[in-house]
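The values are calculated or read from the model by the stated rules, or taken from the named source; none is laboratory data. Predicted, not measured: the structure shown is a model, and the values here were computed from it. Heads up, the Cβs are rebuilt from the backbone with ideal geometry, glycines too, and the neighbour counts pull from every protein chain shown. Ligands, DNA and RNA are stripped out before the accessible areas are found, and what is left, the full protein with its side chains, is counted by its heavy atoms. Shrake-Rupley method; radii C 1.70, N 1.55, O 1.52, S 1.80 Å.
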Amino acid sequence: MTADRRDHAMTAEGGDHVPSVEGRDHVPSVDRREDTATADRQVDVLVVGAGPAGLAAAARLAAAGAGRVEVLEREQQAGGVPRHCVHRGFGTWTRPLTGPAYARLLVEAAGRAGAVVRTGVTVLDWAGPLSLATVGERGPETLTARAVVLATGARERPRAARLVPGTRPAGVRTGGELQQAVHRYRQPIGTRAVVVGAEDVSYAAAATARAGGAEVVAMVTDRPRAASAGAALDARLRSRIPLLTRTTVTEILGHGRLSGVRIRHEDGRTGVLACDTVVFTGNFVAEDELARRARITFTRGPYTDRPGVFAAGGLRQPGQDTRTATREGARAGRAVLEWLISRP
């Protein structure tokens, strides 16, 4: 799932309170040893994905007494994309938080409500209508629930999926990969960057590239103008970075390391931008492999065509901001509660 500067955390609908977070911008690790000794177990609700939508759904369900609520996350830390967004703009309007602080808020809220968040667990496939085959720290396990919430999020299309031809040098990234390289792994990213896109996530990527020590030589979009909401940070960046509108990247250049990108303007003019990093942003696609394996179709709201299976967040609407994902997770939790109540 992805996030940008428009992402402002919300309390869950219906008066659910999201507790405040104090201390450092650190997402707490989650104990993965919880009750995983048996190969087959039954729970009340399984939530797949520990991003904003999944954690909000789990918090609502656990707080309402839905029984054993487990959240499965394949990464080693819960919290989703906000963990890598060090800029502010999360939280409430009166108390803005950085992404890591907001991720920590969501994880702690779910835990306090009574949900079990298990990290380092990969869902392999369906083992039944409401059963999932998983593998984690203690080996394979089949989990069966009364209801399943899919909150697997979305990702940016990489260069290959955008069918951009050329060589395959180092230095070609998505915005999410750039965030992790700079803020999580502290990796060098190069000195001259081109950002493909001109929406909120694109300006966030430009800010991240600059934080990583690179000069952003241009932002390139095929649109007639920037699609950013125009936050203050965007305005500051816009005043310093050339924006090439009605322009596309048509080729990746370089061997070993990226040396530049070839561009084409709408009027047919071409050129080369010298750079050692290019960042493809936006153009999100759903992480829907699990849903597609079961041929699950999304219907209205958080519902699907499979009884007992619900969906929320970027999986349903790729590219949505974190505020919307959190709200949709809470709505999915409410729908699951109604489902559980109607089936004793």
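Close amide H pairs (under 5 Å, H built 1.01 Å from N) link E199 with A227, residues at least 5 positions away or on another chain. Listed values for segment 290-305 are Karplus-derived 3J(HN,Hα) couplings in whole Hz (6.51 cos²θ - 1.76 cosθ + 1.60, θ = phi - 60°), namely 5, 5, 5, 4, 9, 6, 7, 10, 7, 10, 7, x, x, 8, 10, 7, and x replaces Gly and Pro. Among Y203, Y303, Y185, the order of accessible area from largest down is Y185, Y303, Y203, computed with a 1.4 Å probe on protein heavy atoms. Highest mean packing first, where packing is the average number of other Cβ atoms within 10 Å per residue, the peptides 154-160, 251-257 line up as 154-160, 251-257. For the peptides 193-201, 105-113, 119-127, residues were scored by their other Cβ atoms within 10 Å and the scores averaged per peptide; the highest-first order is 193-201, 105-113, 119-127.
For the chain, the carbon plus sulfur part of the accessible surface works out to 49%, probe radius 1.4 Å.
For the chain, the relative contact order is 23 percent, taking Cα pairs closer than 8 Å that sit 6 or more residues apart in sequence and dividing their mean separation by the residue count.
Of all DSSP bridge pairs formed entirely within the chain, close to 45 percent run antiparallel.
For L124 and A211, the FRET efficiency from 1/(1 + (r/R0)^6), where r spans their Cβ atoms and R0 equals 45 Å, is about 0.75. Extension gain for Q76 to T94 (0.36 nm times residue separation, less C-alpha to C-alpha distance): 3.4 nm. Coupling constants for segment 330-338 follow from the phi torsions by the Karplus curve (6.51 cos²θ - 1.76 cosθ + 1.60, θ = phi - 60°), and in residue order they are 5, 5, 4, x, 5, 5, 5, 4, 4 Hz; glycine and proline get x. Distance from the C-alpha centroid of segment 155-175 to that of segment 66-144: 28 Å, rounded to the whole angstrom. Compared with the direct C-alpha span, the chain from H255 to A161 gains 31.8 nm at full extension, assuming 0.36 nm per residue.
Distances between placed amide hydrogens fall under 5 Å for R68 paired with D44, V45, all partners being 5 or more residues away or on another chain.
Computed 3J(HN,Hα) for segment 85-98, one whole-Hz value per residue from the Karplus formula 6.51 cos²θ - 1.76 cosθ + 1.60 where θ = phi - 60°, is 9, 7, 6, 7, x, 9, x, 9, 4, 8, 9, x, 10, 6, glycine and proline marked x.
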